[in-house]
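Right, one structure below, let's go through it.
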Amino acid sequence: MSTLAGAGRQKSRLGWNLVGLLVFVVAGFPLYWMLNTAFKPAKDAIDSDPSLLPTGLTFDNFGRALDIADFWGPVGRSLVVSLAVVVIGMVVGLLAALAISRFAFRGRKIVIVGILAVQMVPLVAMIIPVFLLLNDLGQYDRLTGLIITYLTFILPFTVWTLRGFIVNIPKELEEAAMVDGCSRTGAFLRVVFPLLAPGMVATSVYGFIQAWNEYLYALMLLSQKNQTATVWLGNFTTKHGTEYAPMMAGATMMAVPIVALFLLVQRKMAAGLTAGAVKG
């Protein structure tokens, strides 16, 4: 019986591994195709019968991408906007999530429902009201206006996610620290914050990616001289057609900061989770 049970577990594990491999291939193929197109000759990128395997290796597309329009300006503006959204969103979101999770006040449930309701509103439905509001405030075609706009849909997610992490941290840990002489703030910084750090990192990465990849509002609220990196990719489409190989090269360069951030944070997330488990 034990042999049959072991064989059944191995088959089940093999089946799940195949499913995981299939998901990886489907999710990773667009990234592979972007890299494949970025490094292949430009004429091969518009071939009616493209090859799945690289047909050549060239870096000319990257030079062409940098020559079409200014690259570092849009990338720098995207970094400023994304980092500002993450920093402001984490500070405000953490305080809001802490208040919702640890304190009872009138209208608490309404606030929670409101956070969920805001996330259900399609972003495209708010373009005209946001445009009119920023125009009245003198924030149209300004990075500060774009930062405020991004916070409207990234901040609710930040609050909701951090609330989930805080709720899972037992209140007894804070109470024990306060019995030992810590203030409420000290108990939070010494006990809750280390356990919450992995969740904050994961939420920050999500907010950064959302702000970095956003296209619609950046296109509508900024002029060409203040365009961000995602809008910059539109320079490859002209009345003469689309230069797909340089566009993929530009997309590859745009993806480098995201990949670097993820590789940097991934190790810290694992270390934070382990440290939190030990401290708990």
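The values are calculated or read from the model by the stated rules, or taken from the named source; none is laboratory data. Quantities reported herein were computed from a predicted structural model and do not represent experimental measurements. Note that each Cβ is placed from the backbone with ideal geometry, even for glycine, and that neighbours are counted across all protein chains shown. What goes into the accessible areas is simple: the full protein's heavy atoms, side chains included, and nothing from ligands, DNA or RNA. Shrake-Rupley method; radii C 1.70, N 1.55, O 1.52, S 1.80 Å.
The conditions of being farther than 28 Å from residue 209 by Cβ and over 19 Å from the mean Cα position of the chain (by Cα) are met by residue 103.
When 66, 57 are checked against the criterion of being in a helix (DSSP H, G or I) and over 17 Å from the mean Cα position of the chain (by Cα), 66 stands alone in meeting it.
Applying the set (1) touching a helix residue (DSSP H, G or I) at 6+ places or on another chain (Cβ under 9 Å); (2) open to solvent by 80 Å² or more (accessible area, probe 1.4 Å); (3) within 29 Å of residue 196 (Cα to Cα) to residue 91 leaves exactly one unmet item: (1).
Which members of segment 52-66 meet the condition of being of a type in the set (A, V, I, L, M) and open to solvent by 90 Å² or more (accessible area, probe 1.4 Å)?
The answer is 52, 53, 57.
When 104, 99, 69 are screened for being open to solvent by 60 Å² or more (accessible area, probe 1.4 Å) and of a type outside the set (Phe, Trp, Tyr), only 104 passes.
Scan segment 244-262 and tell me whether some residue there is closer than 27 Å to residue 126 by Cα and free of Cβ contacts under 8 Å to residues at least 40 places away in the same chain. No: segment 244-262 contains no residue that is closer than 27 Å to residue 126 by Cα and free of Cβ contacts under 8 Å to residues at least 40 places away in the same chain. Which one of the conditions (1) within 30 Å of residue 218 (Cα to Cα); (2) open to solvent by less than 40 Å² (accessible area, probe 1.4 Å) does residue 142 fail to meet, given that it meets all the rest? Only one criterion is unmet by residue 142, namely (2). Among the residues that make up segment 153-168, is at least one of them within 24 Å of the chain's Cα centre (by Cα), modelled with pLDDT under 90 and surrounded by fewer than 12 Cβ atoms within 10 Å (Cβ to Cβ)? Scanning segment 153-168 turns up at least one residue that is within 24 Å of the chain's Cα centre (by Cα), modelled with pLDDT under 90 and surrounded by fewer than 12 Cβ atoms within 10 Å (Cβ to Cβ). Would you pick out the residues in segment 221-230 that are surrounded by 15 or more Cβ atoms within 10 Å (Cβ to Cβ) and either of a type in the set (Phe, Trp, Tyr) or within 15 Å of residue 145 (Cβ to Cβ) (or both)? If the condition is that a residue be surrounded by 15 or more Cβ atoms within 10 Å (Cβ to Cβ) and either of a type in the set (Phe, Trp, Tyr) or within 15 Å of residue 145 (Cβ to Cβ) (or both), then 221, 222, 226, 227, 228 are the ones that fit.
Restricting the search to segment 155-197, which residues are under 29 Å from residue 85 (Cβ atoms) and in a loop (DSSP other than H, G, I, E, B)? Those that are under 29 Å from residue 85 (Cβ atoms) and in a loop (DSSP other than H, G, I, E, B): 168, 169.
Just one of the listed residues (265, 201) is open to solvent by 30 Å² or more (accessible area, probe 1.4 Å) and in contact (Cβ under 8 Å) with a residue 12 or more places away in the chain, namely 201. A single entry from 193, 208, 188 fulfils the requirement of being of a type in the set (A, V, I, L, M, F, W, C), modelled with pLDDT of 85 or more and out of contact with any strand residue (DSSP E or B) (no Cβ under 7 Å at 6 or more places or on another chain): 208. Contact map, segment 129-146: residues that are without any contact (Cβ under 8 Å) to a residue 12 or more places away in the chain paired with residues that are open to solvent by 70 Å² or more (accessible area, probe 1.4 Å) and among the hydrophobic types (A, V, I, L, M, F, W, C), Cβ distance under 7 Å, separation 6+ or inter-chain. Pairs shown: 139/148. The residue that is farthest from residue 259 (Cα to Cα), among those in segment 31-51 that are open to solvent by 80 Å² or more (accessible area, probe 1.4 Å), in a helix (DSSP H, G or I) and not hydrophobic (A, V, I, L, M, F, W, C), is 43.
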